[in-house]
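Let me begin by presenting the structure, written as structure tokens, before commenting on it.
The values are calculated or read from the model by the stated rules, or taken from the named source; none is laboratory data. From a predicted model like this one, the values you see are computed outputs, not experimental measurements. Every residue, glycine as well, gets a Cβ built from its backbone with ideal geometry; the counts of neighbours run over all protein chains shown. Side chains are part of the model used for accessible areas, which takes the heavy atoms of the whole protein and leaves out ligands, DNA and RNA. Shrake-Rupley method; radii C 1.70, N 1.55, O 1.52, S 1.80 Å.
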Amino acid sequence: MPAGLRVSGYVPDTVLRPYRADDLDALYDICLKTGDAGQDATALYRDPKILGHVYAAPYGVLEPESCSILEDGEGIGGYIIGTHDTYAFEKRMESDWWPELRLRYPDLSDQNTPDRHIAHLIHHLLRTPRFINEPYPAHLHIDLLPRFQGRGWGKRMIDHWLDEMRARNVRGAHLGVGTRNTRAVRFYLKYGFN
């Protein structure tokens with residue numbers, strides 16, 4: 001992967017660059033700040049890292065080569081993360097990611113709070129169905145802070161990520177999006193995901 005892809009536009013000196021280990025806190029932060037159907041979820045969660053434990057951090061830790069960071073003069077403002085092989089990644093998460101988190105976060109699903117809902121997912125996360133995984137073995141997540149939204153960065157980042165997957169001979173990719181995030185649903189449909 002090149003050192004970084006510089007693009008002129010909305011924010012000067014914006015770069016899409018490879019993920020580095022010291023970017024992990026930014027993954028947690030951006031995941032939380034976009035975790036309520038694309039809006040800031042900070043007020044919803046008592047534990048500011050719990051959402052990132054499920055939806056962002058494992059990619060940076062377990063498959064950093066499939067992650068890119070969007071950064072400008074203000075700092076990191078977005079990421080595209082994923083895996084080239086969902087099945088293998090889910091197996092690795094089961095052995096290397098979930099055990100410690102399951103000890104830290106008990107499954108108290110009888111308590112109806114956002115934190116407890118995510119803790120329940122840590123214990124009962126569903127695996128990707130075979131009918132999706134076989135034709136589309138890779139998957140991705142993308143999150144952008146408001147200063148980058150609506151400026152064409154999402155398309156550029158997905159184009160870049162898919163080019164990286166093609167270079168690794170990956171035949172297809174999928175993603176998931178909550179139906180409440182109507183802006184993202186429109187974007188992904190326009191992009192060509194269905």
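When the Gaussian network model of the chain links Cα atoms closer than 10 Å, the mean-square fluctuations of Asp29, Asp47, Asp107 top out at Asp47.
Across Pro48, Pro18, Pro129, mean-square fluctuation computed from a Gaussian network of the chain (C-alpha pairs under 10 Å connected) peaks at Pro129.
Annotation: Cα Rg of region 82-194 relative to the compact-globule expectation 2.2 N^0.38 Å equals 1.22. Taking every C-alpha pair closer than 8 Å and separated by at least 6 residues, the mean separation divided by the residue count of the chain gives a relative contact order of 21 percent. Relative to its Kirkwood radius, the Cα radius of gyration of region 151-194 gives an Rg/Rh of 1.00. Can you give the calculated 222 nm mean residue ellipticity of the chain, where each DSSP H run of n ≥ 4 adds -39,500 (n - 2.57) and the sum is split over every residue, rounded to the nearest 500 deg cm²/dmol? Rounded to the nearest 500, the figure is -11500 deg cm²/dmol. With viscosity set to 1.306 mPa s and temperature to 10 °C, compute the Stokes-Einstein D of the chain, Rh being the Kirkwood radius across alpha carbon pairs; µm²/s, no decimals. This corresponds to a translational diffusion coefficient of 92 µm²/s. With N denoting the number of residues in region 61-135, provide Rg(C-alpha) divided by 2.2 N^0.38 Å, to two decimal places. In units of the 2.2 N^0.38 Å rule of thumb, it is 1.37.
Using the average count of surrounding beta-carbon atoms within 10 Å as a protection proxy, the listed peptides 172-184, 146-158, 53-65 rank, highest first, as 53-65, 146-158, 172-184. Taking all C-alpha pairs of region 129-181, those more than 15 Å from each other amount to 56 percent. Charge tally for Glu71 (other residues, Cβ to Cβ under 10 Å; Lys, Arg +1; Asp, Glu -1): -3.
Computed from the alpha carbon positions, the gyration tensor of region 10-95 leads to an equivalent ellipsoid with semi-axes of 21, 18, 10 Å, biggest first.
Taking a Cβ cut-off of under 15 Å around Gln149, the surrounding Lys, Arg, Asp and Glu residues balance to a net charge of +3, with basic ones at +1 and acidic ones at -1.
Heavy atoms only, probe 1.4 Å: what % of the accessible area of the chain goes to carbon and sulfur, would you let me know?
Values: 5590 of 10650 Å².
Its accessible area is 52 percent carbon and sulfur atoms.
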